[in-house]
Amino acid sequence: MKNYKILRSEDRGYASHGWLKSHHSFSFANYHNPEWVHFGALRVINDDVVMGGRGFGSHPHDNMEIISIPLSGDLAHKDSNGNEKVIKNGDIQVMSAGTGIIHSEYNANEDRDVNFLQIWVFPNERNITPHYQQKTINFDKSHNNFLTLLSPDRDAEESVWIHQNAWFSLATIDANAAVQYQKHDANNGTYIFILEGDAIVRDEKLNTKDAIMFDDLADFSVNTQNNPAKVLILEVPMNF
């Protein structure tokens, strides 16, 4: 009996609004799939492509940890707490909405698209003071190694932090290589998302933007064959 689930890239929800093309890993907006509502504390993974000069106008959020990771291009952010930043390819941003925040997100460039992941995680504490943080990923340290991008550790130098017992890790893996992942918390589940290339996890072949998720696997390896891969692991509590 399989102890995991696979979500293929083509099975994700999809919405096209002209200026925005979005793939939804979980139910979101007008896309509802009762089989894919959340994975533990992981509520949203939107794979968004926004055309040049367009974006999301000011809108509110509360009591959600919101993480943005540009995959290509640059994303302009502005919020009601006075943060006005550009999040570039290679950065990670977190916004803890807490008691409430209003923000906007726009493609920072007129001449090319921006592709970014927006990820929502349920917090372990409600109505906290909103928090903003942004850091640049050191891709050298992710070479054939899972580099921690996000954790609960407020003092970590290289990772951002959120109000949840969750870890996000990234590895850029060479062809014909294997990289081991060890869970940080035995009670967490792991959502393994192939950003680029293809990989094998527990004998399952995964292609670009495919995902495999385990709620009880302690450690595992991500293997490549003829092609390199970029792999993002989202480790989140299953009960929260």
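The values are calculated or read from the model by the stated rules, or taken from the named source; none is laboratory data. Treat the numbers as computed from the prediction; the structure is a model and nothing was measured. No Cβ is skipped: glycine too gets one built from the backbone with ideal geometry, and neighbour counts run over all protein chains shown. Only protein heavy atoms, including side chains, enter the accessible area calculation; ligands, DNA and RNA are left aside. Shrake-Rupley method; radii C 1.70, N 1.55, O 1.52, S 1.80 Å.
If a residue must be in contact with a Lys or Arg (Cβ under 8 Å, 6 or more places away or on another chain) and open to solvent by less than 50 Å² (accessible area, probe 1.4 Å), how many such residues does the range 218-240 contain?
If we filter the range 218-240 for residues that are in contact with a Lys or Arg (Cβ under 8 Å, 6 or more places away or on another chain), which is where we start, we get 218-220, 235.
Filter again for open to solvent by less than 50 Å² (accessible area, probe 1.4 Å), leaving 220, 235.
Here the count works out to 2.
Could you say whether any residue in the range 138-155 is part of a strand (DSSP E or B), at pLDDT 95 or above and small (Gly, Ala, Ser)? Lay out the reasoning, then the answer.
Filtering the range 138-155 for residues part of a strand (DSSP E or B) gives 143, 147-151.
Subset that is at pLDDT 95 or above: 143, 147-151.
Of the ones still in play, those that are also small (Gly, Ala, Ser) are 151.
Yes, that holds for at least one residue.
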*Which ones in the range 172-196 are polar (S, T, N, Q) and either under 17 Å from the mean Cα position of the chain (by Cα) or outside any strand (DSSP E or B) (or both)?*
172, 176, 187, 188, 190
*Please state which of the following conditions residue 169 fails to meet, knowing it meets all the rest: (1) buried (at least 21 other Cβ atoms within 10 Å of the Cβ); (2) in a loop (DSSP other than H, G, I, E, B).*
(2)
*asked:* Which of the numbered conditions does residue 177 fail, given that it passes all the others? Conditions: (1) open to solvent by 10 Å² or more (accessible area, probe 1.4 Å); (2) touching a strand residue (DSSP E or B) at 6+ places or on another chain (Cβ under 7 Å); (3) in contact (Cβ under 8 Å) with a residue 40 or more places away in the chain.
replied: (2)
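Within the range 186-207, track down each residue that is open to solvent by 10 Å² or more (accessible area, probe 1.4 Å) and at pLDDT 95 or above.
In the first step, residues of the range 186-207 are kept if they are open to solvent by 10 Å² or more (accessible area, probe 1.4 Å); the result is 186-187, 195-198, 200, 202-205, 207.
Passing the criteria: 195, 196, 197, 198, 200, 204, 205, 207.
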*Give the number of residues within the range 2-52 that are on the phi < 0 side of the Ramachandran plot and assigned to a loop (DSSP other than H, G, I, E, B).*
20
_So residue 56 ticks every box in (1) among the aromatic types (Phe, Trp, Tyr); (2) crowded, with 20+ Cβ neighbours inside 10 Å; (3) not in a loop (DSSP other than H, G, I, E, B) but one. Which box is left unticked?_
(2)
*Single residue of the range 1-30 satisfying the filter (closer than 27 Å to residue 52 by Cα and aromatic (Phe, Trp, Tyr)) that is farthest from the chain's Cα centre (by Cα)*: 19
*asked:* Can you tell me how many residues within the range 77-99 are open to solvent by 40 Å² or more (accessible area, probe 1.4 Å), closer than 23 Å to residue 148 by Cα and either in a strand (DSSP E or B) or at pLDDT 95 or above (or both)?
replied: 3
*Count of residues meeting criterion [hydroxyl-bearing (Ser, Thr, Tyr) and in contact (Cβ under 8 Å) with a residue 40 or more places away in the chain] in the range 21-54*: 1
*asked:* Test of understanding: among 183, 141, which residue is closer than 29 Å to residue 87 by Cα, of a type in the set (D, E, K, R), open to solvent by 10 Å² or more (accessible area, probe 1.4 Å) and free of Cβ contacts under 8 Å to residues at least 40 places away in the same chain?
replied: 141
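So, in the range 59-76, how many residues would count as being of a type outside the set (Asp, Glu) and open to solvent by 70 Å² or more (accessible area, probe 1.4 Å)? Talk me through it step by step, then tell me what you get.
Keep residues of the range 59-76 that are of a type outside the set (Asp, Glu), which gives 59-61, 63-64, 66-73, 75-76.
Next, from what is left, pick out any that are open to solvent by 70 Å² or more (accessible area, probe 1.4 Å): 60.
Qualifying residue count, the range 59-76: 1.
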_Every residue in the range 165-192 that is under 12 Å from residue 221 (Cβ atoms) and not hydroxyl-bearing (Ser, Thr, Tyr), please._
171, 173, 177, 178, 179, 180, 182, 192
_Considering residues of the range 100-128 that are β-branched (Val, Ile, Thr) and either at pLDDT below 95 or in a strand (DSSP E or B) (or both) only, the residue surrounded by the fewest Cβ atoms within 10 Å (Cβ to Cβ)_ = 102
